[in-house]
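Following: one structure in structure tokens, then a few remarks.
Computed from the coordinates by the stated procedures, all read-outs in this text should not be read as laboratory data. Just so we're clear, the structure is a prediction, and the values are computed from it rather than from any experiment. Cβ coordinates were reconstructed from backbone atoms using ideal geometry, including for glycine residues, and neighbour counts include every protein chain displayed.
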Amino acid sequence: MSLSDLLSDSYVELGGYRDQHFRGNKKDQEKLLKESCTLYVGNLSFYTTEEQIHELFSKCGDVKKIIMGIDKVKKTACGFCFVEFYTRADTEQAMRFISGTRLDDRVVRTDWDAGFKEGRQYGRGKSGGQVRDEYRRDYDAGRGGYGKTVTTI
């Protein structure tokens, strides 16, 4: 084990996720991600409320804003949100302690986000929800039942 291994904090380092619709170059996106106080939170139940998100994330610091992801057609929750904190330190605490925990019987996934922009709260799937739910073949009650491709066949 090296000194850099001891000093690194894999929970707060940038993961592989990048918003494919980011307007700008990769270098700008990386810079924003390293300074960001916003997290993308995924794998949520469609029934998870903003209050539940606030309750969980406020244990790590003062939450500035929560933006729930919604289906662009039905205007119902579709399993993700953005959580913005006032400080980077609080955001790092959330990355360390909340990613991988359970909320509504689902393992929550968090990742850095370059900052919320209006319009990103809508699912990007063809049917209005999240793309991953369109290709899911299993039954998942927390995410609306079967995936869209299974129900349309």
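In nm, give the distance between the simple-model label positions of ARG102 and GLU51, each being 7 Å from the Cα along the Cα-to-Cβ direction.
2.2 nm
Going by average Cβ neighbours within 10 Å, how do the peptides 110-120, 96-106 rank, with the highest at the top?
Listed from highest to lowest mean packing, they are 110-120, 96-106.
Would you grab the residues whose amide H sits under 5 Å from the one on LYS64? Only those 5+ places off in sequence or on another chain, please, with H modelled 1.01 Å from N.
Answer set, sorted by chain and number: GLU84, PHE85, TYR86.
For PHE82, what charge total do you get from the other residues with a beta carbon under 9 Å from its beta carbon, if Lys and Arg give +1 and Asp and Glu give -1?
0
Please go through segment 29-71 and write out the trypsin sites (Lys or Arg not before Pro) that DSSP classes as loop and that have at most 15 other C-beta atoms within 10 Å.
Filter output for segment 29-71: LYS59.
Between segment 33-50 and segment 64-82, what's the alpha-carbon centroid distance in Å?
Here the two parts' Cα centres lie 10 Å apart.
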